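Working notes for the structure below.
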Amino acid sequence: MAQDITLNVAGKPFRLSAASPEMEQLMRLAAQDVSAMLTKFDSRFPESSAEDKLVFVAIQEAAGKLSAQKKMSRLAEEVESLGTDVAAYLEGLKK
């Protein structure tokens with residue numbers, strides 16, 4: 001059952017729905033992370049608008065997501081390769 005929550009990002013409250021307590025916790029952590037990144041960008045780029053800084057955050061997060069997806073894909077390929085190697089080894093033991 002979804003639960004309505006309020007998250008504060010950059011001093012502004014946002015009402016959202018969390019599908020589970022785990023999702024609520026993840027959303028709260030994400031809001032804290034975004035706020036921390038905005039604070040960092042505030043000090044690095046004081047002349048930039050809040051919207052620009054949010055774009056910086058979005059790009060950084062998207063790049064992190066794409067990097068993680070790439071890493072997961074490589075790991076999946078390694079697992080598949082290891083599975084093939086183990087199967088071949090076990091098949092060799094049967095002979």
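The values are calculated or read from the model by the stated rules, or taken from the named source; none is laboratory data. Note that the structure is predicted; figures quoted are calculated from it, not measured. Note that we place each Cβ from the backbone using ideal geometry, even for glycine, and neighbour counts take in every protein chain shown.
Restricting to segment 1-15, name every residue that is surrounded by 15 or more Cβ atoms within 10 Å (Cβ to Cβ) and modelled with pLDDT of 95 or more. Of everything in segment 1-15, those that are surrounded by 15 or more Cβ atoms within 10 Å (Cβ to Cβ) and modelled with pLDDT of 95 or more turn out to be I5, L7. Among the residues of segment 86-95, is there at least one that is among the basic types (K, R) and exposed (fewer than 10 other Cβ atoms within 10 Å of the Cβ)? There is at least one residue in segment 86-95 that is among the basic types (K, R) and exposed (fewer than 10 other Cβ atoms within 10 Å of the Cβ).
When A76, A58, A88, A68 are checked against the criterion of being within 25 Å of A10 (Cα to Cα) and not charged (D, E, K, R), a single residue qualifies: A58. Within segment 26-44, the set of residues being closer than 16 Å to T6 by Cβ and surrounded by 12 or more Cβ atoms within 10 Å (Cβ to Cβ) comprises L26, M27, R28, A30, A31, Q32, V34, S35.
Of all residues in segment 7-43, those satisfying the criterion of being out of contact with any helix residue (DSSP H, G or I) (no Cβ under 6 Å at 6 or more places or on another chain), in a helix (DSSP H, G or I) and touching a residue at least 24 places away in the same chain (Cβ under 8 Å) are A31, S35.
Flag set for E47, criterion: without any contact (Cβ under 8 Å) to a residue 12 or more places away in the chain, surrounded by fewer than 10 Cβ atoms within 10 Å (Cβ to Cβ), farther than 19 Å from K12 by Cβ and not aromatic (F, W, Y).
For segment 73-95, a residue qualifies if it is among the hydroxyl-bearing types (S, T, Y) and under 28 Å from the mean Cα position of the chain (by Cα), and the qualifying residues are S73, S81.
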